[in-house]
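The values are calculated or read from the model by the stated rules, or taken from the named source; none is laboratory data. These numbers were taken from a predicted model, which means no experiment stands behind them. With ideal geometry, Cβ positions are generated from the backbone for all residues, glycine too; neighbour counts draw on all protein chains shown. The area values use the complete protein model at the heavy-atom level, side chains included, leaving out ligands, DNA and RNA. Shrake-Rupley method; radii C 1.70, N 1.55, O 1.52, S 1.80 Å.
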Amino acid sequence: MSPLVDRWQTVVDNVKQATNLANRNTNNVQLLAVSKTKPVEMVEELAAVGQQHFGENYLQEALAKIEALKHLPDIHWHYIGSIQRNKTKDIAQNFDWVHTIERAIIAKRLNDQRPDGLSKLNVLIQVNIDDEASKSGCQPNELESLIEEIMQYEKLQLRGLMIIPAKNGSDAFVKTNQLFQQIKQSYPELTMWDTLSMGMSNDMDIAIANGSTIVRVGTAIFGARN
Ligand SMILES: *Cc1c(COP(=O)(O)O)cnc(C)c1O
């Protein structure tokens, strides 16, 4: 096994172990391999051993990889970077998932620009759960109006929430899981509300213990970024 596949297998095993420890079904936690800054060859190597979901932050870099790997139909591309207005068209045309919606205008543009031939774009709302000035994401009290806006869009499938918690140990995971469950109760019409994107290389265990359904792991799989 190559060192890359070896590290990936270790992460796959760790995700499984954390899921079992939390008494959760291993089908309900997905590993998103965050390949930002890493070459397309590494993505291809992991796709060959069965990794299907890849996350990217930088649009131009991501588009080049998506183009280079378009012969691999099983790859699902997730956009996890911040979104400016002028990026929405490329995102709507090329990705399967977007984790980082924080404003209604971005959702509207993604909906308008999603090509007819493609399936619905799966979207998550990013929440600034620790109320950090430097962080992106909507405030919890903005969620309701954003959800009601996105529910109207035919080409978007609202799946859940995403967070990047503050570094200094917070109760972000617990709070986000509570919000996630409350929304599920309040909006029974959200039939595909099933996704909580939280947990990265250093905190995926605690995220899984608190209900995460997608862990976004870069460094532990691909090694440090320069
Ligand atoms: C880079 C990045 C990750 C991966 O972080 P690691 O600590 O390398 O696992 C996850 N989520 C987002 C939003 C990122 O930008």
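Across the chain, the mean sequence separation of Cα contacts (distance under 8 Å, 6 or more residues apart), normalised by length, yields a relative contact order of 21 percent. A probe of 1.4 angstrom, applied to the heavy atoms of all protein chains, finds S134 with accessible area near 110 square angstrom.
Report the full-extension gain for the segment N23 to V49: residue separation times 0.36 nm, less the Cα-Cα distance, to one decimal in nm.
Working: separation 26, 0.36 × 26 = 9.36 nm, distance 2.68 nm.
My answer for the length gained is 6.7 nm.
Using just the Cα positions, wrap the chain in a convex hull and report its mean projected area in square nanometres, one decimal place.
Details: hull surface 49.0 nm².
Over every viewing direction, the Cα hull of the chain projects on average to 12.3 nm².
Only loop residues by DSSP count here, and only those with at most 16 other Cβ atoms within 10 Å; note down the GluC sites (Glu not before Pro) in the stretch 149-226 that meet that.
On the way: sites: E149, E154, E189; in loops: E154, E189.
Here the GluC sites (Glu not before Pro) that fit, given the DSSP loop and packing criteria, are E154, E189.
Once you have the Cα-Cα distance between E67 and K135, take 0.36 nm times their residue separation minus that, and quote the gain in nm to one decimal.
On the way: separation 68, 0.36 × 68 = 24.48 nm, distance 3.06 nm.
Here the segment from E67 to K135 would lengthen by 21.4 nm.
The stretch 32-85 and the stretch 144-205 have Cα centres lying 23 Å from one another. Computed over protein heavy atoms with a 1.4 Å probe, the accessible surface of the stretch 1-145 works out to 49 Å² per residue. Element breakdown for the chain at a 1.4 angstrom probe: carbon and sulfur atoms account for 46% of the accessible area.
Let me check something: with ligands and nucleic acids excluded, how do L63, L196 order by accessible area (1.4 Å probe), largest to smallest? Mind showing how you got there, number by number?
Numbers: L63 35, L196 0 Å².
These residues rank, largest area first, as L63, L196.
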